1. Take the eigenvalues of the Cα gyration tensor for the stretch 128-187, scale each by 5, and report the square roots as semi-axes in whole Å, largest first.
2. Compute, for the chain, the length of the dipole vector about the Cα centre, with Cβ point charges of +1 (Lys, Arg) and -1 (Asp, Glu) only. Units Debye, rounded to 20.
3. Which of Val90, Asn28, Asn53 sits closest to the plus end of the dipole of the stretch 1-139, meaning its Cα is farthest towards the positive end, when Lys and Arg get +1 and Asp and Glu get -1 on the C-beta?
4. Calculate the dipole size of the stretch 128-187 relative to its Cα centre from +1 charges on Lys and Arg beta carbons and -1 charges on Asp and Glu beta carbons; express the result in debye to the nearest 20.
5. Rounded to the nearest 0.05, what FRET efficiency do Asn142 and Lys122 have when you use their Cβ-Cβ distance and R0 = 35 Å?
6. Please compute one quarter of the surface area of the Cα convex hull for the stretch 1-111 and express it in square nanometres.
Amino acid sequence: NKILIGEVYRVPNVNYQESIPKYDSLLNRINDGNVDLIIGTDQNINYVNIDTNHATDLLNIFLSVEMVSTISRPTRITHTSATLIDNLYVRINKLDETLSSILSVDLSDPLTMCIYMGSKTKIKPKPLTFKYRKLDENAFKNIKTLLCVTDWSCLNNIGIEEPNEKFVDIIHEYTDIHICTIKNCSYPT
């Protein structure tokens, strides 16, 4: 997919009747259904006051080309006011997840905005593989015989946890001798 990334700045205090049609013209020129769009704005039109005509008009222009505003909290905060005059608009056709955020970092005025966009790629899982041994009475009888003739005195001179580990090691060794056939069996997940 093609992605067009851009930034639009509107100078503060410019006549709304002059600037709103320019947004409309620009977005209609770049509007191509096959191109994904990411537009950052310093629009200087306050979405906190969305009920004003110019804020509603601007939002409707972006929505008319299927671009969604991703910032919903104020981006410029002073001691006396909080305004949402900056935004990130996106139109991504095949997208599973979009997360936007405002970073509270003293890098600039307004606050820094960021966006994460991702697709959940489906990874084909590997089949589960099981190992097993084919057991029979003769194998158990041979292991039992080996266990009966084993000199276990070696367990007397080792630490308290080690006898259990040594016993398990001996069982594994005898099992490998008499039940050595290991088969793999795969099942799709």
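Every read-out reported here was derived from the displayed coordinates using simple, explicitly stated rules and does not represent laboratory data. Computed from a prediction, not measured in an experiment: that's the story for all the values here. Every residue, glycine as well, gets a Cβ built from its backbone with ideal geometry; the counts of neighbours run over all protein chains shown.
1. On the way: eigenvalues 150, 54, 8 Å².
The equivalent ellipsoid of the stretch 128-187 has semi-axes of 27, 16, 6 Å.
2. Working: 19 positive and 23 negative charges, 164 e Å.
Dipole magnitude for the chain comes out near 780 debye.
3. My answer, from the dipole projection, is Val90.
4. 400 debye
5. Details: r = 49 Å, r/R0 = 1.39.
Efficiency for this residue pair is about 0.10.
6. 7.6 nm²
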